[in-house]
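The values are calculated or read from the model by the stated rules, or taken from the named source; none is laboratory data. What you are looking at is a predicted structure, and each value in this text was computed from that prediction instead of being measured. Neighbour counts run over all protein chains shown; Cβ positions are idealised from the backbone, glycine included.
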Amino acid sequence: MKTFETSPASERFGQYFRIAPALDAAARDEVYFVRHDVYARELGFEPVRAEQREVDTYDRHALHCIVRTNDDNVRPVGCARVVLTDPRDRHAPLPFEQSCRNTLDRRIIDPAALPRERIAEVSRLAVMGEFRRRRGELHRPVALSARDSSSDPSARFPNIPVSLYFGAVALAQRAGVEYLFTLTEPRLAKHFARGGVQIETVGAPIEHRGMRIPSLMRVSQVYSSLRAMVRPIWHEVHAQMDTCYLLHEAMVQRDLAEASVSQSTPLSV
């Protein structure tokens, strides 16, 4: 009989959590609620709003994913977003380009010189407080421990931050993005490195709600460097995301077919 301690990481994730792209207004509203709960109510990084939603101008050209519990009492767990370049002005800077304009090492890579439709930024990674209740972690939007990548029964994994980053990579792949930038906490980069996730430093650290390092993931190269223990989580996340896209497309086609039938049916007199 498999227990939490002996089950594969991907099986534990699927048992306790589900990840999905936020493909409709209701799902995006849930994402904005999570962000407000973490960044405004808990951490005070953003102003508390009466509507309990945290939204900014970059959300107009962003993709989102959300993790929820997989039980009878479904509730949000965490979220992440991928900010694409603005289709109305591809040369408008992404958030990190503003924050790191004086610290990026353009000898390594210059975002301004890349095809703008091929770059994006991961941001607003957030995990609800009840899923990161360890000493010293309540004042961080995500929580990490070396135990999360182990079979220790006290690990909160299914590793939520890793699943959200893999979800963000899945969003980027579908959008045709190759260069995925992020402002990374040093401990987060080290945590990912243990799993073989290659995150390249592309500039000097900045102070942005704590120390953050401008970093880059090459989307096409993420999977090839993953360690064997992490790959099942990648597969599970991508399988769940792909299923959501298929179901969403089927619903869109159904609605279009019903609308077409309705328009072609003559009115009775």
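Tabulated data for the structure shown
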| quantity | calculated |
| --- | --- |
| Close pairs from segment 243-254: first in contact (Cβ under 8 Å) with a residue 24 or more places away in the chain, partner aliphatic (A, V, I, L, M) and outside any helix (DSSP H, G or I), Cβ under 9 Å, at least 6 apart | CYS244/ILE19; CYS244/ALA20; CYS244/LEU23; TYR245/LEU23; HIS248/LEU23 |
| Pairs where the first residue, in segment 198-221, is over 14 Å from ILE119 (Cβ atoms) and the second is of a type in the set (Ser, Thr, Tyr) and surrounded by fewer than 20 Cβ atoms within 10 Å (Cβ to Cβ), C-beta under 7 Å, 6+ apart | GLN198/SER225; GLY203/THR103; ALA204/THR103; ILE206/SER99; ILE206/THR103; HIS208/SER99; ILE213/THR201 |
| Residue count for segment 59-113, restricted to those that are among the hydroxyl-bearing types (Ser, Thr, Tyr) and either under 18 Å from ALA26 (Cα atoms) or touching an Asp or Glu at 6+ places or on another chain (Cβ under 7 Å) (or both) | 2 |
| Subset of segment 164-184 that is assigned to a loop (DSSP other than H, G, I, E, B) and not charged (D, E, K, R) - its residue that is surrounded by the most Cβ atoms within 10 Å (Cβ to Cβ) | VAL177 |
| Conditions (1) assigned to a helix (DSSP H, G or I); (2) over 23 Å from SER215 (Cα atoms); number of the one not met by TYR58 | (2) |
| Tabulated pairs, segment 108-124, first more than 14 Å from GLN98 (Cβ to Cβ), second of a type in the set (Lys, Arg) and assigned to a helix (DSSP H, G or I), C-beta under 7 angstrom, 6+ apart or interchain | ARG124/ARG35 |
| Test: residue in segment 16-38 that is in a loop (DSSP other than H, G, I, E, B), at pLDDT below 95, surrounded by fewer than 20 Cβ atoms within 10 Å (Cβ to Cβ) and touching a helix residue (DSSP H, G or I) at 6+ places or on another chain (Cβ under 9 Å) | no |
